Each structure stands twice: as structure tokens, then as C-alpha cells.
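One structure is given below, represented as C-alpha cells, and several questions about it will come after.
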Amino acid sequence: MPSDYITLNALAHELNDKLSGGKIRRICQPEKDEITLSVFNGKTNLLLVISANPNSPRVHLTTTKKENPYAAPPLLMILRKYVGAAVIKKIETFANDRILRFTLQSRNEMFDDETFYLVCELMGRYSNIILLNENERVLDALHKLVPDEAQKRQILPNSPYLPPEQNKVFVGDEDALLQALKATDREYRDFLVKETAGVSGASADQILFESEKLGGKTAENVAKIAATFANVYSTPYYVPTLKKGEKGDFYPYVYAFENVEKRSFLNDCADEIFSETDRMERVKTKAKDLERVLNASVKKAKNSIALLEQKLKEENKAEEIRIKAELITSNLYKTAPRDTKVEVFDYYKNETVSIELDPALSPSAYAQKLYKKYAKLKRGKEINQAMLEQNKENLEYYASLLSQLALAQNIEDVSITEEEMQNVGLLRKKQAKGKEKKSAAKFYVFLCEGFRLLCGRGGQQNDEVTFKEAKEGDLWLHAAKSHGTHVVILTEKRNVPERVLLAAAEIAAYYSERRKDENVSIDYTLRKFVRRHPAKKPGLVYYTDYKTIVVKPNDHSELLQK
């Protein structure tokens, strides 16, 4: 979607047609930078999302529902107080900019009608959601703005609302734009994008394309087409289009290039693209926070391994120290106080060797010192060897958690890994406020030709699927020599058809770190041959008596039981 006035104006007209006169029934804030309005328009309930997410600011109708937090944020409480049951009177663009304004009518405690304005500024990292009273003074905002040398604008409770300043020619003002185009010596596209308010690069390309069809890229034609586009909703140009295949952009006019599909409503395009983009962005953001913790743990484990390996190299010399002490003790008759060395026969090597002594100590005391050092190194070697193995096991476990995050497809998947990290002590458990926090979602269940296939989502669920749900005679599958899910076929003492085995193997391949490979080797064996790993980390196992099958990854979503 071109981030400009032209597209937003078309979207505002469509929203106004659908929601004008509708009554707000519920307001929620599922994300810290996003609110949703449930609106009854006289026929049906519609869900409107208003997001100030810096990566995808947007306003559109949606069919995607999100879980709401238990505690209401401050802005949400203010919205519910003043406009929780308001009627939407009008939706329009505001100040010739990327701003949508909702005119709302509500009733106060005295049952008198009051007007409020919900302003949605959709400007990338400067996006904001602001509630104004009838005098256009701020009641509350998602992001407060305190004026300073860099920021002259003020968004604080009871301050008058002023839209962002912009000293540019408005795209819908044909006369002013014509004069500006005639006065400039810059290329028209560059001028439209940088010096005209409300035009993005994609819209500028389309304006110039239509100007060429009108008779050439003259200032008159460009200004005329640009002004027409500023009111694109009420003209024949209004044909929402969506790029086929890419699903990455849509336009409120006939797209100038090939490979596009036409839609009836701009909101349908917005919901299809923005909901998916928002989902992936939020999954990526949440996963990134967990990856940061895991990467720090990986770095710490690697440093510990390097340090322990160095210590073990030194501790491997413990036997040399014991032999040295033993030779000194058996040759004390050859030594005298303050000697610096002694020549002895090493019966281990069958040769005469020279051993250095400490002149500050008697030979006997120096030998006892070496014996103590030997005992200390021997004890340390046992401890450090155990710590080395533990750190290597931790490193393997962290790799499996990172693999889980890389495979996450939704917030639930990330939450499963987050919960697992909390349970093993990598993250501090959050104190539940109000209602008790729900545990992460359950494992996947697939149904194939009467057989139930269980697929874990994370280490703890892998353990649950393998050691709680499965019985010894069930089939167990896992990607060979790779991090991935545990898949179990509940046989119920039946023979498993080849088609069912292939489906289970393809699911195991898809939910592994080798998802993008063309062919993946999947090991399968009876559940009774699967044992917990000695490290006792969630999801880590070892298995024997297995066979291997090579398949192509497939999520088999058609078999997934909701």
C-alpha cells in the first residue's frame, strides 16, 4: 500500500460508507500500540483495527481476532470512559496528510450529547492515536509529546491539538500544484515525491503513467491527474488491485503494470496484507527478544567451555607432578637444604633426570607441596570435566531453542518457547496480575486415515508427546541429526499404512530446522526405543533400532485438527 494521502483518502471513504452511523460496542487494546473497535453498523458486527505500529501503521476492517491482556492500559480506560458506546458520525482524512479522524458522538453522565474526535496519525515511527474532546483538546494519547528544541509540537492532556506541520503543495490543489510544477526545474517524479504532500513513489509513478496516456507528461496533465487521484474514491480510477504472488502491495487505482488482481473493496486488500505482515512482524519482534537472551547464554557457555578446556589441559599435568613428588621423596638421601636441583633415576622412563627444587623449602616440604598440588588438580579435573559436559549439553539445548524460534509461525509458538525458557530458568517468570496467566497452547494433532498424529511444539511438548501421550508400541519420528519436533503415530496396536507413515514423516520434516530443504531424512522407531537424554533437558532424547525414510517437508494443514 502506498503510504500517502491518496490511498488513505480512498480507504477513509470506504470506511465511512461501512461504519458511519454504527455504534461502538467494545474497545480493546490487544497490543501496546494497537486498539480495536467492535462496531455494529445496523446489520452486522465489524471489527476495526487502528494500529500505530511504526512498521505497519494502519486503519482497516479485519477478521483477525487477538487475545486481549488482562489489565487495561491507560489509553484504553480513557477511550472506554468517553467513547465506549459512541456512535461513529464520520470518518475522513484530516489536514491533507496521513491522518484519519473519527467524529464520534457519545452521551455523558447527564445524558447530554458530546462530540469527540479519535485522531489516527499514520506516519511510520511518528504514528499516534489521540482522543480529543469537542474543543479539539487532547484527552489522552498513545504517545505523549513534550515540546523541546527538536520537537515543537505538543501532545499532552488538555493541550490543543495541532497536526504536524508540512510546507508542501497539497496533491489535491490542482492550481497550486500546476504553478509549482511550472516553476520547478526538477524531474516531475522527484518533485511529486519530495515536494508534494500526499504522494508516494508508487502514486507518483501512476500519476505520470496516466499523464502520458492523457497526452504527455506536461505540467497541466500531471496536475490534473494528481488532483483526480486525490479524490480517487469518487472517480472511475477506483479499482483496488493486489499484486499476484507477492501479496506485498495494493493500490486504489488501476495498476499500471501486469500481474495484478482486482478486488471490490480496499479494506479486503488491507486486511489480507496488513494482518499477515503484522503477524510476522510481531512474531519476529517477540522472537528477537528471546533470541537475545539465548545468544547471550550461548556466548557464556562457549566462553566457559574454552576456559574449562584450558584448565583441563593444565590438570592433565597432575600425573607429572605426582611422579616428580614421588621421585624427590624416594631420593631425599641425595638432597641437602637449599639445593636447587637433584639428579634422580626415573624408573618410569628408565633414565636419569634432573628435578628442580625450591631452595626456600626443604626437599621433604617441597615434595609435600607437590603432593597437595596433585590432589587439588585431581579433584579439580573431575569437577571441571563434569562442568565441561554440562556446558556442552547446555549449548546443544540452546541450539534447539533457537531452532524453535526460527520455526515459529505465530505468537503462540514463540510463547511456547518463552514458557519453556522460564521453566528452565533462562527467563524470570512474570508475576501474574489479576487472572492467572494461561499456559501455552497444546501440541498439534493431525488425523490421517483414522490415525492420530501428535506433533510437539517445543521441548516440553515434545516430552509430553513422547513420554506421556505415546505408548511403547506407537511409532516415533524425528528429523535425522537435526533439531525439530517429535511426531508420534498413535497406532492403537494397528499396522500403520505407508501413506500415514509418509504423512507423519513429512510433518516431522516441515517442523524441523531443515524445513527449506528439498529432501529430509526422517528417523522412525518404536516409542520403546526412545530414552531421555542424560542431560535431562526438555525435548532432548536418544534412540536406537531405527529406520530412515527420505521425504519432502509438508505441513499437511488439511489434516490438522482445530
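List the residues, sorted by chain then number, that are 5 or more residues from HIS60 or on another chain and whose placed amide H is less than 5 Å from its amide H.
It is VAL49, by chain and number.
Which of SER364, SER400 has the fewest other C-beta atoms within 10 Å, and how do the rest follow up to the most?
Result, fewest neighbours first: SER364, SER400.
If one takes the longest principal axis of the Cα atoms in the chain, at what angle in degrees, from 0 to 90 and to the nearest 10, does the Cα axis of helix 498-510 lie?
So the helix axis and the longest Cα principal axis differ by about 90 degrees.
While we're here: Can you pull a Stokes-Einstein diffusion coefficient for the chain at 25 °C (0.890 mPa s), Rh from Kirkwood over Cα pairs, as a whole number of µm²/s?
Taking Rh from Cα pairs, D becomes 82 µm²/s.
What list of ³J(HN,Hα) values in whole Hz, one per residue of region 377-391 in order, does the Karplus curve 6.51 cos²θ - 1.76 cosθ + 1.60 (θ = phi - 60°) give from phi, with Gly and Pro shown as x?
Each residue of region 377-391 in turn: 5, 5, 5, x, 5, 5, 5, 5, 5, 5, 5, 4, 5, 5, 5 Hz.
Within straight cross-link reach of LYS317, meaning Cα distance under 18 Å, which lysines are found once same-chain residues fewer than 8 apart are removed?
Correct list for LYS317: LYS349, LYS369, LYS372, LYS373, LYS376, LYS378, LYS381.
If amide H atoms are built 1.01 Å from N in the plane of the peptide, which residues on other chains or at least 5 residues away come under 5 Å of the amide H of VAL169?
Here the answer is ALA197, since their amide H atoms fall under 5 Å of that of VAL169.
Take each of the peptides 448-458, 102-112, average the number of other beta-carbon atoms within 10 Å over its residues, and list them starting from the highest.
Those peptides, ordered most packed to least, come out 448-458, 102-112.
State whether region 5-141 is rounded, prolate or oblate according to the following rule on the C-alpha gyration tensor (a ≥ b ≥ c being the square roots of its eigenvalues): a/c under 1.5 gives rounded; otherwise a/b larger than b/c gives prolate, and the remaining case gives oblate.
Taking the square roots of the gyration eigenvalues as a ≥ b ≥ c, region 5-141 is rounded.
Based solely on its DSSP helices, what 222 nm [θ] is calculated for the chain when runs of n ≥ 4 H residues each add -39,500 (n - 2.57) and the sum is averaged over all residues, nearest 500 deg cm²/dmol?
When only DSSP H runs of four or more count, the value is -12500 deg cm²/dmol.
Once you treat every alpha carbon in region 174-224 as an equal point and sum by Debye, what is log10 I(q)/I(0) at q = 0.14, 0.16, 0.23, 0.32 Å⁻¹?
-0.28, -0.37, -0.79, -1.44
Follow-up question, since we're still on this one. Tell me the relative contact order for the chain as a rounded percent, counting alpha carbon contacts under 8 Å between residues six or more apart.
Relative CO of the chain lands at 9 percent.
Could I ask something else about it? Mind counting lysine pairs for me in region 444-559? Cα separation below 15 Å, and the two need to be 8 or more apart along the chain or on different chains.
The number of close lysine pairs in region 444-559 is 7.
In vacuum, with every alpha carbon of region 334-445 counted as one equal point scatterer, what does the Debye formula give for log10 I(q)/I(0) at q = 0.12, 0.13, 0.14, 0.19 Å⁻¹? Two decimals, please.
Rounded to two decimals, the profile gives -0.66, -0.72, -0.78, -1.07.
Given the options GLN390, VAL193, LEU11, identify the residue whose Cα lies farthest towards the positive end of the charge dipole of the chain (+1 on Cβ of Lys, Arg; -1 on Cβ of Asp, Glu).
Going by the charge dipole, the pick is GLN390.
Would you pull out the residues with amide H under 5 Å of LEU156's amide H, same chain only if 5 or more places away, H placed 1.01 Å from N?
LEU145
Apply the Kirkwood formula to region 93-224: the hydrodynamic radius equals the inverse of the mean of 1/r over all pairs of different alpha-carbon atoms; give it in Å with one decimal.
Result for region 93-224 stands at 17.2 Å.
Something else: May I ask for the angle, rounded to the nearest 10°, between helix 74-83 and the longest principal axis of the chain, with both axes built from Cα atoms and the value confined to 0 to 90°?
On a 0 to 90 degree scale, this one is about 20.
Let me know the charge dipole size of the chain about its Cα centre in debye, to the nearest 20, where only the beta-carbon of Lys, Arg (+1) and Asp, Glu (-1) is charged.
2420 debye
Can you run phi through the Karplus equation (6.51, -1.76, 1.60; θ = phi - 60°) for region 108-114 and list ³J(HN,Hα) in whole Hz, with x for Gly and Pro?
Per-residue couplings from phi come out as 8, 5, 8, 6, 8, 6, 10 Hz.
Moving on to the next point. Under 23 Å Cα to Cα from LYS152, which lysines show up? Leave out anything in the same chain fewer than 8 places away.
LYS144, LYS168, LYS194
Please turn the phi angles of region 192-202 into ³J(HN,Hα) values with the Karplus equation 6.51 cos²θ - 1.76 cosθ + 1.60 (θ = phi - 60°), one per residue in order, whole Hz, x for glycine and proline.
The phi angles translate into 4, 6, 9, 10, 10, 7, x, 10, 9, x, 5 Hz.
Keeping to pairs on different chains or 8 or more places apart, tell me how many lysine pairs in region 5-141 have Cα atoms under 16 Å apart.
9
Decide, for region 444-559, between rounded, prolate and oblate: order the square roots of the alpha carbon gyration tensor eigenvalues as a ≥ b ≥ c, take rounded if a/c falls under 1.5, and otherwise choose prolate if a/b is larger than b/c, else oblate.
rounded
Given labels modelled 7 Å from the Cα in the Cβ direction, how far is it in nm from TYR546 to SER354?
If labels sit at TYR546 and SER354, their model points lie 5.9 nm apart.
Okay, moving on. Report, in whole Å, the centroid distance computed from the Cα atoms of region 488-508 and region 516-530.
11 Å
Among GLU319, GLU14, GLU382, GLU420, which comes first, second and so on when ranked by fewest other beta-carbon atoms within 10 Å?
Listing GLU319, GLU14, GLU382, GLU420 from fewest to most nearby Cβ atoms yields GLU382, GLU319, GLU14, GLU420.
Cut-off is 10 Å between beta-carbons; in what order do LYS317, LYS381 appear when sorted fewest neighbours first?
With the sparsest Cβ surroundings first, the list reads LYS317, LYS381.
Computed from the coordinates by the stated procedures, all read-outs in this text should not be read as laboratory data. These figures come from a predicted structure and were not determined experimentally. As a convention, Cβ positions derive from the backbone with ideal geometry for all residues, glycine included, and neighbour counts pool all protein chains shown.
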